[in-house]
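Notes for the one structure printed next.
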Amino acid sequence: MARVKPFKGVRPPKEIVERVESRPYDVLDSDEARAEAGDNAMSLYHIIKPEINFEPGTSEYDPKVYDEAARQFALFREKGWLRQDEKECYYIYAQTSCLPANGNLEKTQYGLVVCAHQDDYKTGVIKKHELTRRDKEEDRMKHVRVNDANIEPVFFAFPDNTVLNDIIMRYAATEPEYDFVAPIDGFGHKLWVVSDAKDIDAITEEFAKMPALYIADGHHRSAAAALVGAEKAAQNPDHTGDEEYNFFMAVAFQASQLTVLDYNRVVKDLNGLTSAEFLCRLSENFIVEEKGDTEFRPQHPHQFSLYLDGKWYALDAKDGIFNPADPIGVLDVDISSRLILQDILELGDLRSSQRIDFVGGLRGLGELKRRVDSGEMRAALALFPVSMQQIMDIADSGNIMPPKATWFEPKLRSGLVIHLLK
């Protein structure tokens, strides 16, 4: 059963939260972070992208960059830009967005900010659906170590729960602690502090009834947090398993509220094929239908959208090219990887190939068209998004999804709450 606890969050005073909060460290590069931070000394980028405090071109993996993160974190606390709550609390975090997947209608999703136990990650109670890379784990481990804190949360999903939903909705009807609109994407963000003892106990008890939690986004942060927790346990001769370092911070949302967007592909070449030859090869496994120059989005699973030579095509998978009983083989990301990207284009390992790039669905089909029309890319492939239920089913089965299969929006804002490991 899932083990979570409240914690004494470290967070900005209400009046400066919009100067502190930021996008997550892994959705922008160093130059973008430097530009967004500008002359704002309170920007969290000074902690999560500390290379911006050095000359452009400084590696984010330079040892002095990690030291700078710790120096900045201490500075933020010294100046009062980040302050620790006096008692252990849970927090409710709401995001309001307008996304294409929702028909551009406004939608709000509510998450609980909790501390999850590292043992649950190691034993599989916290389930993953992606592989992690050791170099990225090591990077996040160093960041956690030097700060002795989880600066940014992991993104969890959990099965819908009436008791938790009732608690969340009761708080949502009150004045939030934070309420702002992020400048980059225009999404709204609110945060409430849950300090009532009865509500805290009820939240802890409801999570304890859950057989599993699911990592939606943040696999490397989860792995790094668990590894640092294990390191600290090994160094402590009096380790009990209840110490703060055994826990890491996550925002957990009810699965039905989450939106998974398409994660699309653009390729640099057709592996020596002409356009006509490429379309002919596609017709072996797909029904190919030209749609003209108007943007065409896949309408259902097993239908793909191809942009090539200024035209859009619908690709419908033929019967018999996948096994409906195979939880991985039935995924469109697997079908397209096997039958198009590998068999026809021979791209090799998609995690490292220089001939392919991936475009999150929030950018829209227009971004695919732009990159092909510019000559940077030769063709684009749009996929129908996977469902949250598919992600949970795959995690439950112990399988791993193919690379670049999921794109969640909106992203969590960083800097609203931080968890100390002490």
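The values are calculated or read from the model by the stated rules, or taken from the named source; none is laboratory data. The shown structure was predicted, so the numbers you read here are calculated from the model rather than taken from an experiment. Positions of Cβ are generated from backbone atoms using ideal geometry, with glycine treated the same way; all protein chains shown enter the neighbour counts. The area values use the complete protein model at the heavy-atom level, side chains included, leaving out ligands, DNA and RNA. Shrake-Rupley method; radii C 1.70, N 1.55, O 1.52, S 1.80 Å.
Being surrounded by fewer than 16 Cβ atoms within 10 Å (Cβ to Cβ), without any contact (Cβ under 8 Å) to a residue 24 or more places away in the chain and either closer than 26 Å to His129 by Cβ or small (Gly, Ala, Ser) (or both): is that true of Gly241 here? No: the conditions fail for Gly241. Applying a threshold of 8 Å to beta carbon distances and a minimum spacing of six or more residues, or different chains, the list of pairs starting in segment 123-135 at a residue that is within 18 Å of Thr406 (Cα to Cα) and ending at one that is open to solvent by 90 Å² or more (accessible area, probe 1.4 Å) reads Arg133/Arg351.
Tell me, yes or no, whether segment 5-25 has at least one residue that is among the β-branched types (Val, Ile, Thr), in contact with a helix residue (DSSP H, G or I) (Cβ under 8 Å, 6 or more places away or on another chain), in a helix (DSSP H, G or I) and over 19 Å from Lys411 (Cα atoms). Scanning segment 5-25 turns up no residue that is among the β-branched types (Val, Ile, Thr), in contact with a helix residue (DSSP H, G or I) (Cβ under 8 Å, 6 or more places away or on another chain), in a helix (DSSP H, G or I) and over 19 Å from Lys411 (Cα atoms).
At least 3 residues being within 14 Å of Ala252 (Cα to Cα), of a type outside the set (D, E, K, R) and in contact (Cβ under 8 Å) with a residue 24 or more places away in the chain is the threshold, and among the strands (runs of 3 or more DSSP E) wholly inside segment 149-200 those reaching it are 154-158. Being open to solvent by less than 30 Å² (accessible area, probe 1.4 Å), more than 22 Å from Lys422 (Cα to Cα), among the charged types (D, E, K, R) and free of Cβ contacts under 8 Å to residues at least 60 places away in the same chain is a description that does not apply to Lys64.
A Cβ distance below 8 Å, combined with a sequence gap of six or more or placement on separate chains, defines the contacts here; from segment 357-385, residues that are farther than 16 Å from Asp293 by Cβ reach residues that are among the basic types (Lys, Arg) and assigned to a strand (DSSP E or B) in the pairs Asp357/Arg265; Phe358/Arg265; Val359/Arg265; Leu381/Arg265; Leu383/Arg265.
I'd like to know if segment 127-142 contains one or more residues that are at pLDDT 95 or above, part of a strand (DSSP E or B) and either β-branched (Val, Ile, Thr) or surrounded by fewer than 20 Cβ atoms within 10 Å (Cβ to Cβ) (or both). Among the residues of segment 127-142, not one is at pLDDT 95 or above, part of a strand (DSSP E or B) and either β-branched (Val, Ile, Thr) or surrounded by fewer than 20 Cβ atoms within 10 Å (Cβ to Cβ) (or both), which makes the answer no.
The single residue among Leu339, Leu412 that is open to solvent by less than 40 Å² (accessible area, probe 1.4 Å), among the aliphatic types (A, V, I, L, M), out of contact with any helix residue (DSSP H, G or I) (no Cβ under 8 Å at 6 or more places or on another chain) and under 30 Å from Arg145 (Cβ atoms) turns out to be Leu412.
Restricting attention to segment 254-290, the residues being touching a residue at least 12 places away in the same chain (Cβ under 8 Å), open to solvent by 70 Å² or more (accessible area, probe 1.4 Å) and in a loop (DSSP other than H, G, I, E, B) number 1. Counting only residues that are open to solvent by 20 Å² or more (accessible area, probe 1.4 Å) and within 23 Å of the chain's Cα centre (by Cα), segment 161-205 holds 9 of them.
From the list Gly398, Gly375, the one residue that fits, being exposed (fewer than 14 other Cβ atoms within 10 Å of the Cβ), at pLDDT 90 or above and either small (Gly, Ala, Ser) or over 14 Å from Asp332 (Cα atoms) (or both), is Gly375. Select from segment 342-354 the residues that are buried (at least 17 other Cβ atoms within 10 Å of the Cβ) and closer than 17 Å to Ile400 by Cβ and list them in ascending order. Once the filter is applied, which keeps residues that are buried (at least 17 other Cβ atoms within 10 Å of the Cβ) and closer than 17 Å to Ile400 by Cβ, segment 342-354 yields only Leu350. Among the residues making up segment 378-395, none is acidic (Asp, Glu) and either part of a loop (DSSP other than H, G, I, E, B) or buried (at least 21 other Cβ atoms within 10 Å of the Cβ) (or both).
Counting the residues of segment 309-340 that are closer than 21 Å to Asn399 by Cα and not in a loop (DSSP other than H, G, I, E, B) gives 8. Within the bounds of segment 344-356, is there any residue that is within 24 Å of Arg297 (Cβ to Cβ) and of a type in the set (D, E, K, R)? There is no residue in segment 344-356 that is within 24 Å of Arg297 (Cβ to Cβ) and of a type in the set (D, E, K, R). Of the numbered criteria (1) under 30 Å from Gln299 (Cβ atoms); (2) among the aliphatic types (A, V, I, L, M); (3) open to solvent by 40 Å² or more (accessible area, probe 1.4 Å), the one Ala157 fails is (3).
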